[in-house]
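Engineer: First the structure, which I've put down as structure tokens, then a few questions once you've had a look.
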Amino acid sequence: MTHDHDLVLRPTPAQTEAALNPPPGRTGGDLVVETLAGLGATTVFGLPGQHALGVFDALRRSSLRHVGLRAENNAGFAADAYGRITGEAAPLLLPTGPGALMALPALQEAAAASAPVLAIGSQIPAAGLGGGRHGHLHELRDQQASFRDVVKSVHTARTASQIPSAIAAAWESALTAPHGPVWVEIPQDVLTAETVLPVVTAMDATPEDLAPRPELTALAAHLLSTAERPAIIAGGGVIRSDASGKLRALAEKLDAPVVTTFGGKGAFPWKHPLSLQSWLEDRHTTDFLEDADVLLVVGSGLGELSSNHHTFAPRGRVIQIEADAGKLEANHPALGIHADARLALQALLETAQDRTDATAPDRVRTVLDKVADRLAAQDLDLERQVVAAVRAALPPRAPSFWDMTILAYWAWSAFDARHPNTMHSAQGAGGLGYAFPAALGAAVADPTTPVLAVSGDGGAMYSLAELATAKQYGLDVTWLIVDDGGYGILRAYMTDAYGEATGTELARPDFVALAESFGVPAALTAPDTLTADLSKALATPGPSVVVLPALLKMFEPTHL
């Protein structure tokens with residue numbers, strides 16, 4: 001009797017000949033790039049380092065495109081964005097020790113946002129591994145330990161023959177729901193040693209689907225179909241699983257209002273009659289969600305920013321669909337469904353009964369009117385004008401990347417992303433310096449559309465070196481820098497809490513002159529001319545910088 005798993009693909013005569021006579025001069029580095037190409041990669045990000053030179057030497061013998069940034073953390077942010085835009089695992093090549101550690105903040109953001117990044121780091125020579133103090137350059141006692149708490153999985157190749165399997169296993173892990181960053185490390189001598197192993201051909205590292213258990217979706221469908229006041233919170237998992245269409249179909253089938261988290265921006269149409277938009281940091285929205293008798297949470301762990309700073313206390317039954325098992329019921333008791341959002345929403349669509357509620361659009365409009373009235377009472381015309389100006393300038397399908405800055409905090413709640421997977425921010429891990437290098441990665445992923453990056457002057461200082469990268473590769477990224485002379489949000493927090501701020505005021509360069517010194521066109525703008533200046537920059541191919549001097553304020557919080 002023959003079983004499917006007994007079947008193997010027999011090599012063709014040509015494959016046999018190639019295996020018997022591999023090209024001379026290949027090394028472990030060649031096995032790395034051959035494996036990546038065999039898995040379907042076309043582009044790699046990263047910086048060379050002494051221990052990693054074997055991989056970079058092999059790159060010139062491969063078809064892979066290398067995009068080199070000026071700092072490892074920025075290369076990680078670029079890979080993160082490439083993974084978000086393409087849905088593919090983005091290879092990130094890193095050197096040993098300090099260079100690898102520099103990428104940890106970017107990998108933390110990728111983990112928080114479920115971005116598939118395949119980080120491949122070099123190591124000291126294999127004989128030096130194991131924790132002994134041999135005095136190798138860049139030596140760490142346990143380099144893996146620095147990554148294990150950040151990434152999804154850790155993989156090591158100690159010999160050349162282990163390289164393809166280690167990278168393939170990491171690739172599969174990165175693309176298994178929930179997506180995320182993974183870490184592979186290979187010693188220097190393994191990367192540089194010649195190999196007689198055959199050229200790596202196409203590899204299969206297809207992840208398994210994470211399907212929901214049918215008894216759970218049957219119960220969830222019944223609860224939603226018979227609810228009096230159902231509501232839906234849609235998180236980043238809806239975006240990552242490409243489930244926005246299924247979310248809309250289910251909401252319309254149930255007449256259930258939908259609010260999107262900041263990571264789920266664009267998952268539901270902003271102006272849909274059932275759209276509560278993204279006003280999660282507003283008590284009116286919180287009250288509405290607490291009043292739901294059945295609340296469906298899709299692709300969100302209901303963390304700090306998605307729960308109005310943990311003040312949200314649902315009174316009804318919660319159904320939580322989440323691919324990350326660690327987030328199931330982490331903050332609220334729920335009917336937890338461990339599944340990919342797309343597959344679970346499909347199951348609910350097939351099982352739930354039609355439900356009609358003619359009052360739902362009016363109840364949604366009432367909440368949005370209350371939010372608007374609260375903002376109107378706070379003297380925030382400038383902030384609302386700037387948000388509207390950016391939206392008016394940005395083409396509907398152009399992606400935008402936002403740093404941790406006051407304008408981004410406004411955008412989380414107030415910006416209409418227009419389409420799924422077009423608005424990205426560093427709100428997952430909350431590190432500075434994300435926007436511009438991430439936007440560069442997005443421009444590499446899709447050069448057919450302009451990309452917008454938004455930073456404050458403090459966050460911009462983390463990424464100025466990447467103006468050289470943008471110029472070198474001719475990447476179509478417009479960088480909006482809102483210059484308020486310091487870390488504006490921290491200035492506000494400290495002033496409110498302690499009466500005055502410390503460490504928040506910053507000397508900074510003339511951003512326009514600095515950009516022009518890199519050969520990047522730049523313009524100084526004002527709120528009244530922002531739409532025109534930003535539109536012009538976005539319509540001009542290649543990198544550009546627009547600087548907006550402005551002191552923006554946040555709307556008053558409702559969670560205190």
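Engineer: Looking only at region 453-496, count how many residues are of a type in the set (D, E), closer than 18 Å to R508 by Cβ and open to solvent by 10 Å² or more (accessible area, probe 1.4 Å). Walk me through how you get there before you give the answer.
Structural biologist: Step one: list which residues in region 453-496 are of a type in the set (D, E), which gives 457, 466, 476, 483-484, 496.
Cutting the leftovers down to closer than 18 Å to R508 by Cβ gives us 457, 466, 483-484.
Subset that is open to solvent by 10 Å² or more (accessible area, probe 1.4 Å): 483-484.
Here the count works out to 2.
Engineer: Are there any pairs, at least 6 apart or on different chains, whose C-beta atoms fall under 8 Å, with the first in region 140-162 and farther than 19 Å from Q108 by Cα and the second exposed (fewer than 13 other Cβ atoms within 10 Å of the Cβ), and if so, which?
Structural biologist: These pairs meet every condition: R141/G131; R141/R133.
Engineer: Would you point out which residue out of R240, R213 is in contact (Cβ under 8 Å) with a residue 12 or more places away in the chain, closer than 30 Å to A429 by Cα and of a type in the set (D, E, K, R)?
Structural biologist: Going through R240, R213 in turn, the sole match is R240.
Engineer: A388 passes all but one of (1) under 29 Å from the mean Cα position of the chain (by Cα); (2) surrounded by fewer than 17 Cβ atoms within 10 Å (Cβ to Cβ); (3) farther than 30 Å from L452 by Cα; which number fails?
Structural biologist: (3)
Engineer: Here's something else I'd like to know. Filter region 403-424 for residues that are under 25 Å from L47 (Cβ atoms) and open to solvent by less than 10 Å² (accessible area, probe 1.4 Å) and give the result.
Structural biologist: Here is the first cut: in region 403-424, the residues under 25 Å from L47 (Cβ atoms) are 403-404, 424.
The answer is D403, H424.
Engineer: Do we find a residue being open to solvent by 50 Å² or more (accessible area, probe 1.4 Å), under 25 Å from the mean Cα position of the chain (by Cα) and not polar (S, T, N, Q) anywhere in region 497-516?
Structural biologist: Scanning region 497-516 turns up no residue that is open to solvent by 50 Å² or more (accessible area, probe 1.4 Å), under 25 Å from the mean Cα position of the chain (by Cα) and not polar (S, T, N, Q).
Engineer: Is it the case that A202 is part of a loop (DSSP other than H, G, I, E, B) and surrounded by fewer than 20 Cβ atoms within 10 Å (Cβ to Cβ)?
Structural biologist: On the way: part of a loop (DSSP other than H, G, I, E, B): yes; surrounded by fewer than 20 Cβ atoms within 10 Å (Cβ to Cβ): yes.
Yes; evaluated as a whole, the condition is true for this residue.
Engineer: On the basis of being in contact (Cβ under 8 Å) with a residue 40 or more places away in the chain, small (G, A, S) and buried (at least 24 other Cβ atoms within 10 Å of the Cβ), does G235 make the cut? Before you say what the answer is, go through the steps one by one.
Structural biologist: Working: in contact (Cβ under 8 Å) with a residue 40 or more places away in the chain: yes; small (G, A, S): yes; buried (at least 24 other Cβ atoms within 10 Å of the Cβ): yes.
Answer is yes for this residue.
Engineer: Which of the helices (runs of 4 or more DSSP H) contained wholly in region 236-349 include at least 3 residues that are under 17 Å from L224 (Cβ atoms) and touching a strand residue (DSSP E or B) at 6+ places or on another chain (Cβ under 8 Å)?
Structural biologist: Numbers: elements: 236-240, 244-254, 283-291.
Those helices (runs of 4 or more DSSP H) span 244-254.
Engineer: Moving to a separate point now. Restricting the search to region 70-109, which residues are over 10 Å from the mean Cα position of the chain (by Cα), among the acidic types (D, E) and buried (at least 24 other Cβ atoms within 10 Å of the Cβ)?
Structural biologist: Selection gives E72 alone.
Engineer: Give region 121-155 a look and list any residue that's of a type in the set (S, T, N, Q) and assigned to a loop (DSSP other than H, G, I, E, B), or say none. Can you show your working first?
Structural biologist: Of the residues in region 121-155, the ones of a type in the set (S, T, N, Q) are 122-123, 143-144, 146, 153.
Hit for region 121-155 is S153, nothing else.
Engineer: Residue check: is I167 crowded, with 23+ Cβ neighbours inside 10 Å, of a type in the set (A, V, I, L, M, F, W, C), in a helix (DSSP H, G or I) and touching a residue at least 24 places away in the same chain (Cβ under 8 Å)? Can you show your working first?
Structural biologist: On the way: crowded, with 23+ Cβ neighbours inside 10 Å: yes; of a type in the set (A, V, I, L, M, F, W, C): yes; in a helix (DSSP H, G or I): yes; touching a residue at least 24 places away in the same chain (Cβ under 8 Å): yes.
Here the answer is yes, as I167 does meet what is asked.
Engineer: What number goes with the only condition from (1) open to solvent by 40 Å² or more (accessible area, probe 1.4 Å); (2) in contact (Cβ under 8 Å) with a residue 40 or more places away in the chain; (3) touching a helix residue (DSSP H, G or I) at 6+ places or on another chain (Cβ under 8 Å) that P549 does not pass?
Structural biologist: (3)
Engineer: A further question follows. G264 passes all but one of (1) open to solvent by less than 60 Å² (accessible area, probe 1.4 Å); (2) under 19 Å from I337 (Cα atoms); (3) touching a residue at least 60 places away in the same chain (Cβ under 8 Å); which number fails?
Structural biologist: Failed condition: (3).
Engineer: Also, I was wondering about something else. Among the residues of region 42-59, which ones are out of contact with any strand residue (DSSP E or B) (no Cβ under 8 Å at 6 or more places or on another chain) and either modelled with pLDDT of 95 or more or open to solvent by less than 10 Å² (accessible area, probe 1.4 Å) (or both)?
Structural biologist: Hits for region 42-59: nothing passes.
Engineer: Between V520, V545, which is part of a loop (DSSP other than H, G, I, E, B) and either farther than 20 Å from A435 by Cα or at pLDDT 95 or above (or both)?
Structural biologist: On the way: V545 fails: part of a loop (DSSP other than H, G, I, E, B).
So the residue among V520, V545 that is part of a loop (DSSP other than H, G, I, E, B) and either farther than 20 Å from A435 by Cα or at pLDDT 95 or above (or both) is V520.
Engineer: Taking only region 336-354 into account, find how many residues are open to solvent by 20 Å² or more (accessible area, probe 1.4 Å) and farther than 23 Å from T176 by Cβ.
Structural biologist: So the count comes out to 5.
The values are calculated or read from the model by the stated rules, or taken from the named source; none is laboratory data. None of the values given here were measured: they were computed from a predicted structure. Every residue, glycine as well, gets a Cβ built from its backbone with ideal geometry; the counts of neighbours run over all protein chains shown. Ligands, DNA and RNA are excluded from the accessible area calculation, which covers all protein heavy atoms including side chains. Shrake-Rupley method; radii C 1.70, N 1.55, O 1.52, S 1.80 Å.
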